[in-house]
Amino acid sequence: MNNITGLDYKIKEMARRIYELREIENLTTAQMAEKTGVSEEEYIRCEKGESDLNFAFIYRCAIAFNVDVTDIIEGSSPTLKSYTVTKRGNGQRIEQAHGMVYYNLAAAFRNRIAEPLYVRSSYNEEAQNKPIELTTHAGQECDIIIDGNLLVQIGQHKEVLGPGDSIYYDSSTPHGMIAVGGTDCHFYAIVLNPTGEPIPELQKPQILSSKPRDKDSIQRVYKKFVDRVEDEKGTPISIEFKNTENFNFAFDVVDEIANKTPDKLAMLHISREKEERRITFKDVKRNSAQAANYFKSLGIKKGDRVMLILKRHYQYWYAMIGLNKLGAIAIPAPNQLQEHDLDYRFKAAGVKAILCTADGDVAHQVDLAAKNCPTLEHKIIVNGEREGWRSFDEERALFSSHYERTADAPGGDDLMLMFFTSGTTGYPKIAAHNYKYALGHFHTAKYWHNVDPNGLHFTISDTGWAKSMWGKLYGQWLCEAATFVYDFDRFDAADILPMFAKYHITTFCAPPTMLRMMIKQDISKYDFSSVKHMTTAGEALNPEVYRQFEKATGLQILEGFGQTESTMIIGNMTGADHKIGSMGKPAPIYDVKLVDGDGNEVPVGENGEIVVNVSNGAPCGLFTGYYGDEEKTKEVWYDGYYHTGDVAWRDEDGFYWYVGRADDVIKSSGYRIGPFEIESVIMELPYVLECGVSAAPDEIRGQVVKASIVLVKGTEPTDELKKEIQDYVKKHTAPYKYPRIVEFKDELPKTISGKIQRNKL
């Protein structure tokens, strides 16, 4: 929009926000007229967008509603607390009648005690012989002329100012100005303490120091493929990959470690019945070779698709590495899939074989779907028997434990792995990864998980979710660290918490949802002394969860961000400083930008979509595209960027802060509200176990904020409690962000990874 249309639209948007705030604060138009210093008739016209909104009026509205003026002008809250830079020609723009255009030069700064404005006053011949329109507002003002001439009236006094001149005055005195001399005038207007309130104490998020990473001088297998530079704390400055053309994780990492240190622990596996299996790299090499030979005997070859529904069974690792050796493409999947889910996946990927757990109903669902899938030739079951199915455990044992690498072995750019990934609508897409993907998890494990080659790493995830690739296989074994796997059916914090001390787990990663459940079990009663490092991913980490975990255990939880389509894109690296609630900074292998809807980079402090620069090729670890769907690939891969669909903002120190999925941002009465901020506030309440914030349709406002809450045991879900939650949010955020709808639930819908599904709330 531009010209009058743009101005009218801007005024209507601001007017709608003002109306919404007045309604929330339960103020009458007469009360607001008194607070803003205009007649009730004029106030009503302003609120309807039928009258120009000058800065004095907007400032007074902001004071009355206890929000920042930026909330009203832009529909979003300022974020920066340290400093902000505004380049020439930028700034928060608002147009006003009488030839004035204002650019706020510090709109992104929170709790500011001054409003620095760049102003363009257009010359108007008709205005030269008319009285100057006067206004008042709290505070003081300094105007500095850049070019042109400005006639300024303060009370009854008039003064013509030219370039380099300035004027300082009490802005509660009626004042106004117009351009004179036949040309436009440009000047800076600095409004000091515009609220007239005592200056608030400015508090920026504390930068916390992390322990330097321990140095590892041993010649590890990854060094053949990775060059990196670290700072004095062991934080990576740069990471570059080499010898990747034929890289195959199974041969180049697993088998090499097995040859070098055959008895080195690869996995400590705990079954559902608490049976312990200590699996060495020699075991993985031999059993994966058997698996590869077995698959080959069935006619499975390079490029064929094989689905794995194996929960956390130890056989998953044998099968996965065996498929990596053979060149068949593995498709991990969760065990909750039903007939229609499987039918779509079989056909979309052209699945040739499936390895499936005997647990539960999933094999039955496979049988139902297989009737309509002509490509599915082999059904193989694990940990049980079933009519019409082959036995993986019995048949695999009959084959040789040697599998030699041949000249035509898969590697490099060959496809290795596929994951079905879905958005809020439509059928799931298939994210395809090549053999370099395993290398792309080097920094995930070494610099984020901070795995110890002599330690034991525990990532809580099902193998059907991509997070298992982050924490249960590639990166950890690439760094020669052992993984801890507990093959549970249903997450039970009280069942898992004693295992940290019993098995001497050294590094740990879990999604915030599971960390919240642990907190409610009073983790201070459990021994975490063996744990040296903690991380979280899958969803944004609420600061309250961080603080409670640190208080109980002394451990700092370092957040990371990535997708099924990637390795870790942004994270808090070992040795580097961090801030509570921040995702961290981009990993060295990813060139990350924040862009607006037009693809332009947004300034510091403003929300933008997280994108990855792929103009010079995809970084190692980023997916190759959506298998069989060129159209969907082009929807996220264009203009030289991979578009994540996730929204964040960057602060003055370069830290990234998560806002939400672009689809999750709530648009209510002209305001843009990120759900995570509200969730974090609600999670501060001691009686809240879980919280998910989503948009609910509303005929008047378009959308309203809805909070779905699970209470801790013993808390009664009452109407009074709903009101208490709503009031708490009003007091701790801008009032327009409070949830108009509060629903108490027994549980929240989640993915297999434990991530809350906001689209199903």
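The values are calculated or read from the model by the stated rules, or taken from the named source; none is laboratory data. Bear in mind that the values here come from a model prediction, so they are computed numbers and not experimental data. So basically every Cβ, Gly included, is an ideal-geometry build from the backbone, and we count neighbours across all protein chains shown.
Taken over the range 496-519, the criterion of being more than 21 Å from Pro686 (Cβ to Cβ), in contact (Cβ under 8 Å) with a residue 40 or more places away in the chain and surrounded by fewer than 21 Cβ atoms within 10 Å (Cβ to Cβ) is satisfied by Met499, Tyr503, His504, Ile505. Flag not set for Glu716, criterion: among the acidic types (Asp, Glu), under 30 Å from Ser468 (Cβ atoms) and surrounded by fewer than 15 Cβ atoms within 10 Å (Cβ to Cβ). For the residues Glu690, Glu684, Glu679, the requirement of being buried (at least 22 other Cβ atoms within 10 Å of the Cβ) and not in a strand (DSSP E or B) singles out Glu679. Would you pick out the residues in the range 8-38 that are among the aliphatic types (A, V, I, L, M), over 39 Å from the mean Cα position of the chain (by Cα) and not in a helix (DSSP H, G or I)? Val38 - this is the single residue of the range 8-38 that is among the aliphatic types (A, V, I, L, M), over 39 Å from the mean Cα position of the chain (by Cα) and not in a helix (DSSP H, G or I). Within the set Arg396, Arg405, the sole residue that is basic (Lys, Arg) and either farther than 30 Å from Phe225 by Cα or not assigned by TED's automatic domain parsing to the domain that holds Ala330 (or both) turns out to be Arg396. If you check Lys296 against the conditions, is it at pLDDT 95 or above and farther than 13 Å from Phe399 by Cα? No. Val485 falls short on exactly one of the conditions (1) in the same structural domain as Leu342 (by TED's automatic domain parsing); (2) not in a loop (DSSP other than H, G, I, E, B), and that condition is (1).
Out of the residues in the range 502-516 meeting the condition of being touching a Phe, Trp or Tyr at 6+ places or on another chain (Cβ under 7 Å) and either assigned to a helix (DSSP H, G or I) or assigned by TED's automatic domain parsing to the domain that holds Pro686 (or both), tell me which one is modelled with the lowest pLDDT. Going through the qualifying residues, I end up with Met514. Given the criteria buried (at least 21 other Cβ atoms within 10 Å of the Cβ), on the phi > 0 side of the Ramachandran plot and not assigned by TED's automatic domain parsing to the domain that holds Thr421, does Gly560 qualify? Considered against the rule, which asks whether it is buried (at least 21 other Cβ atoms within 10 Å of the Cβ), on the phi > 0 side of the Ramachandran plot and not assigned by TED's automatic domain parsing to the domain that holds Thr421, Gly560 comes out as no. A single member of Glu684, Glu652, Glu677, Glu743 is without any contact (Cβ under 8 Å) to a residue 40 or more places away in the chain, acidic (Asp, Glu) and more than 29 Å from Ser468 (Cβ to Cβ), and it is Glu743. Report yes if Tyr294 is over 19 Å from Gly471 (Cα atoms), touching a residue at least 40 places away in the same chain (Cβ under 8 Å) and in a helix (DSSP H, G or I), otherwise no. It is true that Tyr294 is over 19 Å from Gly471 (Cα atoms), touching a residue at least 40 places away in the same chain (Cβ under 8 Å) and in a helix (DSSP H, G or I). For Gln315, state whether it is under 20 Å from Thr483 (Cβ atoms) and touching a helix residue (DSSP H, G or I) at 6+ places or on another chain (Cβ under 8 Å). Against the criterion (under 20 Å from Thr483 (Cβ atoms) and touching a helix residue (DSSP H, G or I) at 6+ places or on another chain (Cβ under 8 Å)), Gln315 qualifies.
Taking first residues from the range 707-718 that are assigned to a loop (DSSP other than H, G, I, E, B) and partners that are of a type outside the set (S, T, N, Q), the Cβ contacts under 7 Å between residues at least 6 apart in sequence or on separate chains come to Val712/Lys520; Val712/Tyr687; Val712/Leu689; Thr715/Tyr687; Pro717/Leu711; Pro717/Phe744. Restricted to the range 356-380, and to residues that are free of Cβ contacts under 8 Å to residues at least 40 places away in the same chain and part of a strand (DSSP E or B), which residue is farthest from Arg345 (Cα to Cα)? Among those that are free of Cβ contacts under 8 Å to residues at least 40 places away in the same chain and part of a strand (DSSP E or B), it is Ile380.
Considering the range 556-671, the qualifying strands (runs of 3 or more DSSP E), each wholly inside and each with 1 or more residues that are of a type in the set (D, E, K, R) and modelled with pLDDT of 90 or more, run over 557-562, 592-595, 608-613, 641-650.
Looking only at the range 56-71, filter to residues that are assigned to a helix (DSSP H, G or I) and aliphatic (A, V, I, L, M); which one of those is surrounded by the most Cβ atoms within 10 Å (Cβ to Cβ)? Step by step, filter the range 56-71, then rank; the result is Val69. Per the listing Asp727, Asp746, the residue uniquely modelled with pLDDT under 95, assigned to a loop (DSSP other than H, G, I, E, B), of a type in the set (Asp, Glu) and not assigned by TED's automatic domain parsing to the domain that holds Asn26 is Asp746.
The rows are residues; the columns are (1) assigned to a loop (DSSP other than H, G, I, E, B); (2) within 26 Å of Gln563 (Cα to Cα).
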position: Glu387; (1), (2): yes, no
position: Glu394; (1), (2): no, no
position: Glu404; (1), (2): yes, no
position: Asp408; (1), (2): yes, no
position: Ala431; (1), (2): no, yes
position: Leu439; (1), (2): no, yes
position: Met469; (1), (2): no, yes
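Scanning the range 72-116 for residues that are part of a strand (DSSP E or B), in contact with a helix residue (DSSP H, G or I) (Cβ under 8 Å, 6 or more places away or on another chain) and surrounded by fewer than 22 Cβ atoms within 10 Å (Cβ to Cβ) yields Gln92, Glu95, Gln96, Tyr102.
Being under 33 Å from the mean Cα position of the chain (by Cα), closer than 20 Å to Glu385 by Cα and modelled with pLDDT of 95 or more is a condition met by no residue of the range 324-343.
Evaluate the following for Ser529: is it of a type in the set (Gly, Ala, Ser) and closer than 30 Å to Lys436 by Cβ? No; evaluated as a whole, the condition is false for this residue.
Residue count for the range 523-555 under the criterion of being in a loop (DSSP other than H, G, I, E, B) and farther than 15 Å from Ile505 by Cβ: the result is 7. Inside the range 315-351, can you point out the residues that are over 21 Å from Lys472 (Cα atoms), of a type in the set (D, E, K, R) and buried (at least 23 other Cβ atoms within 10 Å of the Cβ)? Of everything in the range 315-351, just one residue is over 21 Å from Lys472 (Cα atoms), of a type in the set (D, E, K, R) and buried (at least 23 other Cβ atoms within 10 Å of the Cβ), namely Arg345. Please work out if Trp465 is of a type outside the set (D, E, K, R) and in contact with a Pro (Cβ under 8 Å, 6 or more places away or on another chain). Judged against the criteria, Trp465 is a match. Filtering Arg277, Arg305, Arg312, Arg286 for residues that are surrounded by fewer than 16 Cβ atoms within 10 Å (Cβ to Cβ) and either closer than 29 Å to Asp629 by Cβ or not polar (S, T, N, Q) (or both) leaves a single hit, Arg277.
Among residues belonging to the range 615-647 that are closer than 13 Å to Gln563 by Cβ and small (Gly, Ala, Ser), point out the one that is surrounded by the most Cβ atoms within 10 Å (Cβ to Cβ). Here the answer is Gly621. May I ask you to verify whether Tyr427 is touching a Pro at 6+ places or on another chain (Cβ under 9 Å), surrounded by fewer than 18 Cβ atoms within 10 Å (Cβ to Cβ) and either at pLDDT 95 or above or among the aromatic types (Phe, Trp, Tyr) (or both)? Taking the combined requirement at face value, the residue does not satisfy it. So, in the range 20-55, of the ones that are buried (at least 19 other Cβ atoms within 10 Å of the Cβ) and under 17 Å from Gly670 (Cβ atoms), which residue ends up modelled with the lowest pLDDT? Of everything passing the filter in the range 20-55, Leu53 is modelled with the lowest pLDDT. Residues that are in a loop (DSSP other than H, G, I, E, B) and at positive phi: does the range 417-429 have at least one? Yes, the range 417-429 has at least one match.
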